1. Give me the net charge of ASP2's neighbourhood, meaning all other residues with Cβ under 11 Å from the Cβ of ASP2; Lys, Arg count +1, Asp, Glu -1.
2. Can you compute 3J(HN,Hα) from phi for each residue in region 75-81, using the Karplus curve 6.51 cos²θ - 1.76 cosθ + 1.60 with θ = phi - 60°, rounded to whole Hz and x for Gly and Pro?
3. Long-range amide H contacts for ILE207: which residues qualify at under 5 Å (H placed 1.01 Å from N, peptide plane, sequence gap of 5 or more or a different chain)?
4. Taking every eigenvalue of the Cα gyration tensor of region 1-143, multiplying by 5 and rooting it, what semi-axes result, largest first, whole Å?
5. Per DSSP H run of n ≥ 4, the term is -39500 (n - 2.57); total these for the chain, divide by its residue number, and report the mean residue ellipticity at 222 nm rounded to 500 deg cm²/dmol.
6. Hey, for a label at THR209 modelled as a point 7 Å past Cα toward Cβ, could you say which residues of region 119-162 have their backbone N under 20 Å away?
7. Can you work out the base-10 log of I(q)/I(0) for region 80-137 at q = 0.13, 0.25, 0.29 1/Å, using the Debye formula on its C-alpha atoms alone?
8. Near ASP114, within a Cβ-to-Cβ distance under 13 Å, what is the net charge of the other residues, with Lys and Arg +1 and Asp and Glu -1?
Amino acid sequence: MDAFILAAGRGERLRPLTDRRPKPLLEVGGRPLIDYHVDALRRAGVERIVVNLAWLGESIREYLGDGSRYGVELVFSTEPPGALETAGGIVHALAFLRGESFLLVNGDIYTDFDFSTLRRQDGLDVELVMVDNPAHNRQGDFSLANGRLVERAFARRALTYAGIGIFRRALFESLAPGRRPLKPVLDDAIRRQRAGGRHFRGLWMDIGTADRLAEADVLAASINQRQREKT
């Protein structure tokens with residue numbers, strides 16, 4: 001199965017850090033964020049990864065190369081000027097994504113999630129990874145009930161979408177190209193009872209601000225040091 005890393009965002013809330021460096025190349029623990037994702041996907045058995053590019057996209061392409069140093073094949077989906085948002089970026093990249101389903105990960109998160117554990121349930125179009133609500137998203141996004149996603153209004157506890165999931169390409173094949181957010185696509189799948197999810201309780205951070213980047217940097221440096229000491 002192919003994977004898709006979302007790496008096209010402008011990173012407005014991280015300016016001026018992102019004026020000259022795209023979000024996925026911001027470093028935590030001495031490594032660019034996107035390094036962690038490519039390595040984790042390779043360890044999970046993914047052999048081919050599509051990366052979408054927009055803001056400062058050529059610097060991402062130059063850094064990653066063809067993927068040979070990671071042991072994977074990298075393919076790039078270069079977007080036209082103007083933000084396409086998540087679903088729009090997926091529609092634009094469909095020609096590069098092979099197979100019935102693909103694994104998706106946001107390029108601006110820091111996590112120790114094991115991608116090899118992610119499976120889409122039969123009869124569902126999407127399986128999302130959900131996490132406990134961080135301080136910047138106290139209300140959450142969706143709720144879980146018996147492995148299915150439900151609107152947060154219909155459950156006592158909501159969780160936050162982690163920016164990780166597995167999607168059937170059929171969800172996007174009928175959508176017109178252009179700017180398109182992901183939430184309406186997910187809302188439709190929920191209404192049709194075709195959306196599943198799982199609750200991940202491990203390490204996860206959304207690197208959306210300079211403060212969160214600094215926090216992740218300290219944490220990652222500590223983790224990387226402990227791993228080096230073990231070897």
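Taken together, the values in this text are just the output of simple stated rules run on the coordinates, not laboratory data. Remember, it's a predicted structure, so these values are computed and weren't measured experimentally. FYI the Cβ positions are ideal-geometry reconstructions off the backbone, even for glycines, and counts take in every protein chain you see.
1. 0
2. Listing the rounded values in order: 10, 10, 10, 7, 8, x, x Hz.
3. For ILE207, the qualifying residues are ILE109, TYR110.
4. 22, 20, 16
5. -8000 deg cm²/dmol
6. Flagged as within label range: 131-141, 160-162.
7. Relative scattering, expressed as log10 I(q)/I(0), comes to -0.49, -1.31, -1.35.
8. It works out to a net charge of +3.
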